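Below you'll find the structure, written out as structure tokens, and then a few comments.
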Amino acid sequence: MVTVVVGTQWGDEGKGKIIDTLAGQHDIVARYQGGANAGHTVVWNNQKFVFHLIPSGLLHHNVVGVLGNGVVLDPFSFFHEMTDLENRGIDFTNRLFIAENAHLTLPYHKILDQIEDNKRGKEKLGTTGRGIGTTYADKYGRIGVRVADFLNEEVFVKKLNIALELKNYLFQQYYRESTINVEQLVEEYSKYRKKFRELAIDVSAYLNDAIEHGKTILAEGAQGTFLDIDFGTYPYVTASNPISGGACTGLGISPKKITKIIGVAKAYTTRVGMGPFPTEIKDDLNEKLRTAGNEFGATTGRPRRCGWFDAVIVKYAAMLNGLDELIITKLDVLSGLKTIKVGVKYYYKGDEINKYPLDTNVFENVEVEYKAFQGWDENISSVSDFYHLPANAKKYIEKIEELVNTKITAISVGSSRDQIISR
Ligand code: GDP
Ligand code: IMO
Ligand code: MG
């Protein structure tokens with residue numbers, strides 16, 4: 001059994017919390033794309049954990065975590081994260097593996113990501129600066145360095161020389177930055193080799209064997225549907241495929257093996273970084289929601305832009321990902337609002353458009369038609385049964401379900417593992 005969990009908005013939907021909640025009933029949690037740009041928060045035993053590369057389910061001590069080939073793996077970030085978690089009592093012995101064919105994010109990818117984004121000036125994407133786009137660019141440019149290359153020092157040196165030939169020229173002649181010294185980099189990174197050798201496996205073969213033996217796998221998506229490189233608000237996107245299809249290419253499993261696809265959506269919408277956001281709230285309420293929802297980036301600390309729930313995009317996400325069900329998070333954050341709005345329709349130059357437009361130039365200029373709902377005042381963060389929610393909260397959930405045409409199977413009302421209502 002393979003269940004894919006995917007974000008249906010612009011990331012930060014609460015995937016980490018949902019993965020942690022579901023992981024207890026699974027054997028393996030597998031990250032399939034993205035890199036250290038992700039920040040997945042889990043609150044357990046009153047402690048907060050933020051996962052960047054390590055799968056979010058590993059607080060359950062018998063769950064195995066794997067990083068698939070679709071992930072871009074920054075060894076520096078990975079080891080820091082691993083050490084921090086180990087220092088907090090998490091034991092990874094024999095239960096953490098990385099794909100030998102995953103690409104490495106190396107220091108020059110991060111430097112280039114930051115200077116390239118700054119160079120765009122007004123057209124800046126606002127990337128996380130974690131070297132994501134530049135690592136994927138090298139992967140597709142066939143000058144990437146993979147885990148297996150790194151394991152053999154001679155091959156690593158050869159690959160670095162190929163990758164750095166043009167980059168060092170650019171650093172020196174164009175960006176006026178210092179160049180990367182291959183020997184120094186090889187020396188600095190040699191401390192990671194022993195550990196990488198222990199962790200590197202053929203993840204595809206491992207997962208297919210696990211499936212064969214009846215194990216249950218949770219595929220953890222990072223980012224969200226509208227940050228997808230193909231279907232998101234290009235160019236204001238990440239450089240991978242967070243959508244459910246990415247789980248197949250990013251883990252090496254056949255689409256025939258996927259048994260369930262779960263979407264995660266916030267009860268409102270947030271976005272961090274630049275790019276169009278039709279239901280963004282332009283008045284004081286933006287700040288109010290940010291404070292109530294503690295909407296600050298888990299990776300970069302940047303304030304997140306806040307807006308109303310956009311049923312048009314989530315409906316598109318349901319189609320694109322083939323959602324079997326939807327989980328709504330952060331419903332508790334909406335308590336106390338007199339009116340809650342939901343974007344239900346777009347107009348472009350006066351004409352109604354009945355779905356999310358793939359043309360970003362259109363999407364940037366749509367006008368949104370809203371439906372307004374009456375709010376509720378009660379604090380709902382300890383409600384554990386759908387029927388005990390305030391009537392208006394129930395109505396809100398039922399209406400979203402109808403608008404996005406997908407069964408809502410759970411509602412999260414707080415950041416802790418137990419603050420969830422199953423339906
Ligand atoms: P992810 O990237 O999708 O895993 O989401 P993030 O961890 O970046 O952001 C979600 C934030 O909301 C985190 O701070 C979570 O602890 C928090 N969170 C998750 N679910 C809920 C919820 O139902 N209610 C509240 N108030 N906070 C939540
Ligand atoms: P999780 O997994 C929200 C955004 C960045 C930027 C754009 C491109 O926690 O939901 P990148 O560094 O990927 O090249 O940046 O994508 N972004 C995210 N926004 N949640 C994330 O991850 C994100 N990862 C990248 O802010 O706009
Ligand atoms: Mg996040």
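The values are calculated or read from the model by the stated rules, or taken from the named source; none is laboratory data. Note that the structure is predicted; figures quoted are calculated from it, not measured. A quick note on method: Cβ atoms are made from the backbone with ideal geometry, for glycine too, and the neighbour counts reach across all protein chains shown. We work out accessible area using only protein heavy atoms, side chains counted, and drop any ligands, DNA or RNA first. Shrake-Rupley method; radii C 1.70, N 1.55, O 1.52, S 1.80 Å.
One line per residue, one yes/no per condition, for (1) within 16 Å of ligand 3 (Cβ to nearest atom); (2) under 23 Å from residue 422 (Cα atoms); (3) of a type outside the set (Val, Ile, Thr); (4) surrounded by fewer than 19 Cβ atoms within 10 Å (Cβ to Cβ):
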position	(1), (2), (3), (4)
265	yes, yes, yes, no
269	yes, yes, no, no
274	no, no, yes, yes
279	no, no, no, no
282	no, no, yes, yes
285	no, no, yes, yes
290	yes, no, yes, yes
295	yes, no, yes, no
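Considering only residues in segment 260-297 that are touching a Leu at 6+ places or on another chain (Cβ under 9 Å) and among the β-branched types (Val, Ile, Thr), the one that is nearest to ligand 1 (Cβ to nearest atom) turns out to be 264.
Mind checking which residues of segment 22-47 are more than 10 Å from ligand 2 (Cβ to nearest atom) and crowded, with 23+ Cβ neighbours inside 10 Å? If the condition is that a residue be more than 10 Å from ligand 2 (Cβ to nearest atom) and crowded, with 23+ Cβ neighbours inside 10 Å, then 23, 28, 29, 30, 32, 42 are the ones that fit. Whenever a residue of segment 292-310 is free of Cβ contacts under 8 Å to residues at least 12 places away in the same chain and farther than 23 Å from residue 344 by Cα, its partners that are open to solvent by less than 40 Å² (accessible area, probe 1.4 Å) and within 12 Å of ligand 3 (Cβ to nearest atom), lying with C-beta atoms within less than 8 angstrom and at least six residues away or across chains, give the pairs 296/304. The number of residues in segment 235-253 that are open to solvent by 40 Å² or more (accessible area, probe 1.4 Å) and either farther than 17 Å from residue 314 by Cα or within 15 Å of ligand 1 (Cβ to nearest atom) (or both) comes to 2. A single entry from 215, 158 fulfils the requirement of being surrounded by fewer than 18 Cβ atoms within 10 Å (Cβ to Cβ) and touching a strand residue (DSSP E or B) at 6+ places or on another chain (Cβ under 7 Å): 215. Scanning segment 390-399 turns up no residue that is of a type in the set (Phe, Trp, Tyr), more than 26 Å from the chain's Cα centre (by Cα) and open to solvent by less than 40 Å² (accessible area, probe 1.4 Å). If the condition is being surrounded by 13 or more Cβ atoms within 10 Å (Cβ to Cβ) and without any contact (Cβ under 8 Å) to a residue 40 or more places away in the chain, then segment 342-357 contributes 345, 347, 348, 353, 357.
Counting only helices (runs of 4 or more DSSP H) that fall entirely inside segment 269-371 and contain at least 3 residues that are within 16 Å of ligand 2 (Cβ to nearest atom) and closer than 19 Å to residue 224 by Cβ, the qualifying elements are 311-321.
Listed here are the residues, each with its yes/no results for (1) within 16 Å of ligand 3 (Cβ to nearest atom); (2) hydrophobic (A, V, I, L, M, F, W, C); (3) under 16 Å from residue 239 (Cα atoms).
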{"residue": "16", "(1), (2), (3)": "yes, no, no"}
{"residue": "26", "(1), (2), (3)": "no, no, no"}
{"residue": "37", "(1), (2), (3)": "yes, no, yes"}
{"residue": "44", "(1), (2), (3)": "no, yes, no"}
{"residue": "48", "(1), (2), (3)": "yes, no, no"}
{"residue": "71", "(1), (2), (3)": "yes, yes, yes"}
{"residue": "78", "(1), (2), (3)": "no, yes, no"}
{"residue": "81", "(1), (2), (3)": "yes, no, no"}
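Residue 110 passes every criterion in (1) within 13 Å of the chain's Cα centre (by Cα); (2) within 12 Å of ligand 2 (Cβ to nearest atom) apart from (1).
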